[in-house]
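Engineer: Sending over a structure as structure tokens; questions will come in a sec.
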Amino acid sequence: MTLTTISTNLSHGGVQGVYSHASTSTNTDMTFSVFVPPHEDGETLPIIWYLSGLTCTHANVTDKGEFREACTRLGVILIAPDTSPRGENVPDDPDKSWDFGLGAGFYVDATQAPFDKYYKMCTYLEKELPELIVSSFPVDMSRQSIMGHSMGGHGALTIGLRNSDRFKSVSAFAPIVSPLNCPWGEKALTGYIGPDKSNWREYDACALIEDGARVSDLLVDQGSKDNFLEEQLKPELLKSACETAGQKLTLRMQEGYDHSYYFISTFMADHIEWHAKKLKA
Ligand SMILES: N[C@@H](CCC(=O)N[C@@H](CS)C(=O)NCC(=O)O)C(=O)O
């Protein structure tokens, strides 16, 4: 697999890079960013995967996430993938809306035409990108954690729950906790997976927990002034699923914060510190 370097910049003593490659999962070129903090020659470092929300590319968190100081201080690599396949051939929302199609891959493997040829974000993140990362960066794959925002929070929770042996910890900012129970989820999973909701459960954090999946620890921050809170995000569903199942969860309602990167960047160092403790334990 060949990696093309788009840019590298020195930051906080480490290297913030942006890279692209031809993906066999999505049948498109895919772009992602990696921050590698300063380290000794031959040393390998733990990883945090950061999955982004609707409309985002790797660039939103890379530009506005304010994660590099904490990553350098704690010696952790942060990887930020894109949120969907991209390109002229890739089918988009028929109405060109921002909550489906380009920038809205929902971290699933689509089974419905015409999306099934390209929208394989689950395989991309669970198999292809980790293999590329291990051959190209100084990573210790035995120490991985995952976090995300909104649709990316849903991605982090569901990929984390389905792969609990791979991730030491899972956290999210304002996640979509149950696509089965919100309009964004209804639209995306109907379009990508089809109308049979029994096939949605592996892509629904609450359903996965109900069905027995567990992770060692979960941290969620949710702003109280988030305009998507009541209709789309519904953290109370995650709280209730975790309480019923005995899944450990720290859910912090953050008074006055909205859905934006002003919120995320405020608590980013907290999340990196929380993951770093688990990664280094
Ligand atoms: N109206 C917004 C809705 C989408 C939105 O808020 N997306 C969140 C994730 S669900 C985001 O991170 N947007 C990009 C950013 O704030 O940089 C837009 O059109 O961008």
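The values are calculated or read from the model by the stated rules, or taken from the named source; none is laboratory data. Given the structure is predicted, the values throughout are model-derived calculations rather than measurements. Heads up, the Cβs are rebuilt from the backbone with ideal geometry, glycines too, and the neighbour counts pull from every protein chain shown.
Engineer: Looking at LYS127, LYS117, LYS96, can you tell me which residue is within 14 Å of the ligand (Cβ to nearest atom), more than 18 Å from HIS58 (Cα to Cα) and either more than 18 Å from the chain's Cα centre (by Cα) or at pLDDT 95 or above (or both)?
Structural biologist: Among LYS127, LYS117, LYS96, only LYS96 is within 14 Å of the ligand (Cβ to nearest atom), more than 18 Å from HIS58 (Cα to Cα) and either more than 18 Å from the chain's Cα centre (by Cα) or at pLDDT 95 or above (or both).
Engineer: Would you point out which residue out of VAL139, VAL134 is more than 16 Å from the ligand (Cβ to nearest atom), closer than 15 Å to LEU78 by Cβ and out of contact with any His (no Cβ under 8 Å at 6 or more places or on another chain)?
Structural biologist: Selected residue: VAL139, the only one of VAL139, VAL134 that is more than 16 Å from the ligand (Cβ to nearest atom), closer than 15 Å to LEU78 by Cβ and out of contact with any His (no Cβ under 8 Å at 6 or more places or on another chain).
Engineer: For GLU236, which of the numbered conditions (1) within 16 Å of the ligand (Cβ to nearest atom); (2) of a type in the set (D, E, K, R); (3) assigned to a helix (DSSP H, G or I) fails to hold?
Structural biologist: Only one criterion in (1) within 16 Å of the ligand (Cβ to nearest atom); (2) of a type in the set (D, E, K, R); (3) assigned to a helix (DSSP H, G or I) is unmet by GLU236, namely (1).
Engineer: A follow-up question, please. Output the number of the condition that THR83 fails; it satisfies all remaining conditions of (1) polar (S, T, N, Q); (2) within 16 Å of the ligand (Cβ to nearest atom); (3) at positive phi.
Structural biologist: Among (1) polar (S, T, N, Q); (2) within 16 Å of the ligand (Cβ to nearest atom); (3) at positive phi, THR83 violates only (3).
Engineer: Go through region 236-281 and give me each residue that's within 17 Å of the chain's Cα centre (by Cα) and among the polar types (S, T, N, Q).
Structural biologist: Listed by number, the residues that qualify are SER260, SER265.
Engineer: If HIS259 meets every condition in (1) within 15 Å of the ligand (Cβ to nearest atom); (2) surrounded by fewer than 18 Cβ atoms within 10 Å (Cβ to Cβ) apart from one, which number is that one?
Structural biologist: Going through the list (1) within 15 Å of the ligand (Cβ to nearest atom); (2) surrounded by fewer than 18 Cβ atoms within 10 Å (Cβ to Cβ), HIS259 breaks only (2).
Engineer: Let me ask you something else. Could you tell me whether region 210-233 includes any residue that is closer than 23 Å to GLY105 by Cα, away from the ligand (no atom under 16 Å from the Cβ), touching a helix residue (DSSP H, G or I) at 6+ places or on another chain (Cβ under 7 Å) and free of Cβ contacts under 8 Å to residues at least 24 places away in the same chain?
Structural biologist: no
Engineer: Continuing with the same structure: Of the residues that make up region 64-73, is at least one under 17 Å from the mean Cα position of the chain (by Cα) and under 16 Å from LEU189 (Cα atoms)?
Structural biologist: Checked against the condition, which is being under 17 Å from the mean Cα position of the chain (by Cα) and under 16 Å from LEU189 (Cα atoms), region 64-73 yields no hits at all.
Engineer: When region 242-265 is examined, which residues are found to be touching a residue at least 40 places away in the same chain (Cβ under 8 Å) and of a type in the set (A, V, I, L, M)?
Structural biologist: Scanning region 242-265 gives a single hit, ILE264.
Engineer: Give just the number: which of (1) more than 16 Å from the ligand (Cβ to nearest atom); (2) under 20 Å from GLN254 (Cβ atoms) does ALA172 not satisfy?
Structural biologist: In the conditions (1) more than 16 Å from the ligand (Cβ to nearest atom); (2) under 20 Å from GLN254 (Cβ atoms), ALA172 misses (1) alone.
Engineer: Could you tell me how many of the residues in region 130-146 are assigned to a strand (DSSP E or B) and either modelled with pLDDT under 95 or not acidic (Asp, Glu) (or both)?
Structural biologist: Of the residues in that region, 7 qualify.
Engineer: Here is a further query. Name every residue in region 19-46 that is under 30 Å from THR111 (Cα atoms) and assigned to a strand (DSSP E or B), in order of residue number.
Structural biologist: Scanning region 19-46 gives TYR19, SER20, HIS21, ALA22, ASP29, MET30, THR31, PHE32, SER33, VAL34.
Engineer: Still on this structure: Might you check whether a residue that is part of a helix (DSSP H, G or I) and surrounded by 15 or more Cβ atoms within 10 Å (Cβ to Cβ) occurs anywhere in region 248-256?
Structural biologist: The answer is no; no qualifying residue exists.
Engineer: Of everything in region 44-61 that's under 21 Å from SER169 (Cα atoms) and among the polar types (S, T, N, Q), which residue is nearest to the ligand (Cβ to nearest atom)?
Structural biologist: SER52
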